[in-house]
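Asker: I am attaching a structure below and will ask some questions about it afterwards.
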Amino acid sequence: MTKLILWLILVLSLTCIVSAQNKGFITGRVAERSTGQPVAARVEIAGAQEAQADEKGNYRLEVAQGVYAIRISYAGFATLVINQVGVTAGRDTVVNAELDVTLSAEVEVRSETFTENVDQAVSSVTLRREDLRTTPGSGGDPLRAINSLPGVTAASAEFADLIVRGGTPNENLTYIDNIPVRDFTYFTDQYDGPRGGRASILPPDAFDRAEFSAGGFGAKYGDKMSSVLDVGIREANRRRVQGVLFADSGTMGGSLDVPIAKRGSWLFSARRSYIDVALDVAGIADAGIIGYPRTLDFTNKFVYDLTPRNKLTFTALNFFETFNQTDAQAQNIDRRTDRFRMRRTSQRHILGTTLSTTINAKTLAQTTVWHNIAHNDGMFYLPYTSVLQRQRNLRDSQTGVKEDVSWMPDQKVRLSFGGALQIDGVNYYTFERAGNLYSPLEEEYVAPTRQYRFRLSNSTSGNLYAQAVVNVTNRFSITPGIRLDHYGLTGETLASPRFAARFNASNTVALTFATGIYRQPPSAFQFSLTPLNQDLKTQSATHIIGGVEWMVREDTRIRVEAFRKSYSDLVVQQVGPTPAFVSNGRYFNSGSGTASGFEVSVHRALTGFLTGQASYGYVISDRKLTAGGLEMPSDLERPHQLTLIGITSFKGFNIAAKYRIASGLPYTRRTAITVAAGTFIQRIASASDINALRLPNFASFDLRAERRFAFKRVSISPYIDIFNLTNYRSVVQPSYEFNRRTPRMLGEDKRLPIFGFRFEF
């Protein structure tokens, strides 16, 4: 009996020790969204623990390792619930929160489980890091996760670009830590057409949150006509050094959190692809593989509290990419002998510093200084010759300063205003020998040899904006705004008014509306192709959006939105139906068009055993070339799209599935002829044939499974993400061969499993 008692005491002691060792921490800061003022909010985990934030808004919870939902509340503020917060023993999980002032919870259509942006009345979604990372079919790429939202699609599964409500990828605006970023993807097509890249430039572990607006966004944002993606990089833990290692079938890397004197922190992240190495080791690089891609990126973020009212943030992002394609690889794409061999390199550096100052209890000011520089170089050859066909050497930089002020004089009014000044420097070199060229409509023509250098030493642009969110009554709010832009490239100064409204018809149903003018200048690359392009002017789009939002229950929301975008003064190339036509790089403001449709979505937030989303979108997007009277569907139009997502979590497992089916892209019937050895021309039978045909439907079923194993001070999360599980062949483009008048359809029919893991320590 004595031995038994001693054994029981020993077991209980060990249990207590293990239990103590299995504790982790949730830490963070709670602030008011508009002013940045700290909020002494109540932070609680159902059935576990609660804490009260101090006068600086800081809180700390000690809980057993696992996955939790955090509820943050304070009188006069809308309650916020943050789900899927993972805790590892011995580690700090940083969760910062921003609360919105509320007038009356009884009449506001608001859910604790959905993060809302009060400055955006329509078409807005906020996603946190776990939402981005665990979306099926994303491979951990945040852009592919956003691609699953209503109103968003892509040209094909190969691309991670965003096609939003009938627009093109170059119509999307991106901010990273308040820094405007021109290109958010790797392997963007810098040379032809509006297509975007194949992967986002940020690793998933670097994200804190992403706010995405598909239209009708406020006066703070300009220079783009379709959407805004506002990304925040997470702050590192301020209490202890900790890190993450991650790897999958194509990339590997890690991140490190380093405290700085208890008043700041440093986040460092590095990532490198190794597909090029694997292809060489396997000896299969030329066997149907189209090239050697390689990427390398570094992310640094320093945060330091200068005083209780002043916080300094420094962000440095560095990206490097190369792509080499051999003759054998080029010909194995589709067995054409006229394919280009290519070599491309690119490097981008993004630097920015933001000083956040709490002027008083009602005012927050943010001053941001940034410098971006990019160098893209590409060379293109015909495989059967040694003659250089095309070369681009593109160098551009932006240096700017911007000021954003948020003032909340009382609970009924929120004012935001500010401005920016930016200096652009551009040095583009273009060389083209007679050969195949691609227009934005992806038609090929013969062009004469051209050599041109474009240098823009100084181009100064600036803007001013002002916006107010006014709660006219407890049920009705309006958001008027105005933006004034001066475009240095075109020399124009233009005003862009904006307006939005929201009416809470009941405590569960809201009606929304937004309209405004959105402008986008031509790119410096278009200016560089010929001196004749330097008379180009700014493009514009007018948004009209109306919607209904119904909170079926606390964690379930139904949205219906109808929209219309009217384009004018679009920058386009003129096209012709015969080989005699030569565009020679000339662009005109002769394009117009519309994009209209509606979206229906049902979204159950990340709570409980089963969550998910179902959405259907319908959009018709057309373009018109005014000078020739030519009308056609947009190159990237998919009229119908249905997306279904389901996620379940149990016993450490997270399983997610996504099914998407969409209309095929339009394409043009062409006649392919060989006019001489080494010369291949494609021409259009008639102008009415442009984009008159449509490819078969696109479909994909993606599956993701992850298992989290938590140990003392570390956790390991292996996962598998399978693209196109059913091996469905989605046709992505037609291909014409020598003397072939009927195209051969190229498709994506490969089942692609991505294996990976995360190691937290």
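The values are calculated or read from the model by the stated rules, or taken from the named source; none is laboratory data. Nothing here was measured: the structure is a model prediction, and the numbers come from that model. So basically every Cβ, Gly included, is an ideal-geometry build from the backbone, and we count neighbours across all protein chains shown.
Asker: Looking only at the stretch 26-75, which residues are of a type in the set (Asp, Glu) and within 28 Å of Asp410 (Cα to Cα)?
Answerer: Glu32, Asp54, Glu55
Asker: Go through Pro577, Pro522 for me and flag whichever is in the same structural domain as Ile478 (by TED's automatic domain parsing), touching a helix residue (DSSP H, G or I) at 6+ places or on another chain (Cβ under 8 Å) and at pLDDT 90 or above.
Answerer: None of the others qualify; the one that does is Pro522.
Per-residue answers, yes or no, for (1) without any contact (Cβ under 8 Å) to a residue 24 or more places away in the chain; (2) closer than 18 Å to Pro666 by Cβ; (3) not in a loop (DSSP other than H, G, I, E, B):
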| residue | (1), (2), (3) |
| --- | --- |
| Leu132 | no, no, yes |
| Gly137 | no, no, no |
| Leu143 | no, no, yes |
| Pro150 | no, no, no |
| Ser156 | no, yes, no |
| Asp161 | no, yes, no |
| Gly167 | no, yes, no |
| Thr174 | no, no, yes |
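Asker: While we're on this one: So in the stretch 22-39, with the set limited to residues that are within 33 Å of the chain's Cα centre (by Cα) and part of a loop (DSSP other than H, G, I, E, B), which one is surrounded by the fewest Cβ atoms within 10 Å (Cβ to Cβ)?
Answerer: The residue in question is Gln37.
Asker: Another question, then. Tell me which residues, restricted to the stretch 245-259, are buried (at least 19 other Cβ atoms within 10 Å of the Cβ) and at pLDDT 90 or above.
Answerer: Across the stretch 245-259, the qualifying residues are Phe246, Gly253, Ser255, Asp257.
Asker: Just to check your reading of the model, which residue among Gly664, Gly652, Gly678 is modelled with pLDDT under 90, under 30 Å from Glu130 (Cβ atoms) and assigned by TED's automatic domain parsing to the domain that holds Ala595?
Answerer: Result: Gly652 is the single residue among Gly664, Gly652, Gly678 that is modelled with pLDDT under 90, under 30 Å from Glu130 (Cβ atoms) and assigned by TED's automatic domain parsing to the domain that holds Ala595.
Asker: If you don't mind, there's one more thing I want to ask. Tell me which residues, restricted to the stretch 77-98, are over 13 Å from Gly28 (Cβ atoms) and either free of Cβ contacts under 8 Å to residues at least 60 places away in the same chain or of a type in the set (A, V, I, L, M, F, W, C) (or both).
Answerer: If the condition is that a residue be over 13 Å from Gly28 (Cβ atoms) and either free of Cβ contacts under 8 Å to residues at least 60 places away in the same chain or of a type in the set (A, V, I, L, M, F, W, C) (or both), then Phe77, Ala78, Thr79, Val81, Ala89 are the ones that fit.
Asker: Now a separate question. List, please: which pairs have Cβ atoms under 7 Å, are six or more places apart or on different chains, and start with a residue in the stretch 632-653 that is on the phi > 0 side of the Ramachandran plot and end with one that is charged (D, E, K, R)?
Answerer: So the pair list comes out as Gly652/Arg707; Gly652/Arg708.
This table checks each residue for (1) polar (S, T, N, Q); (2) over 24 Å from the mean Cα position of the chain (by Cα); (3) at pLDDT 95 or above.
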{"residue": "Gly488", "(1), (2), (3)": "no, yes, no"}
{"residue": "Gly491", "(1), (2), (3)": "no, yes, no"}
{"residue": "Ala495", "(1), (2), (3)": "no, yes, yes"}
{"residue": "Ala505", "(1), (2), (3)": "no, yes, no"}
{"residue": "Tyr518", "(1), (2), (3)": "no, no, yes"}
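Asker: Can you name every residue in the stretch 354-395 that is under 22 Å from the mean Cα position of the chain (by Cα) and either at positive phi or modelled with pLDDT under 90 (or both)?
Answerer: Selection gives Ala374, His375, Asn376.
Asker: Next question, about the same structure. Condition (residue is among the aromatic types (Phe, Trp, Tyr), modelled with pLDDT of 85 or more and closer than 29 Å to Ile179 by Cβ) applied to the stretch 419-431: is it met by at least one residue?
Answerer: No, the stretch 419-431 has no match at all.
Asker: Right, something else. Would you point out the residue of the stretch 696-722, among those that are at pLDDT below 85 and in contact with a Gly (Cβ under 6 Å, 6 or more places away or on another chain), that is surrounded by the fewest Cβ atoms within 10 Å (Cβ to Cβ)?
Answerer: Taking the candidates together, the pick is Arg713.
Asker: Within the stretch 474-492, which residues are over 17 Å from Leu415 (Cα atoms) and hydroxyl-bearing (Ser, Thr, Tyr)?
Answerer: Tyr487, Thr490
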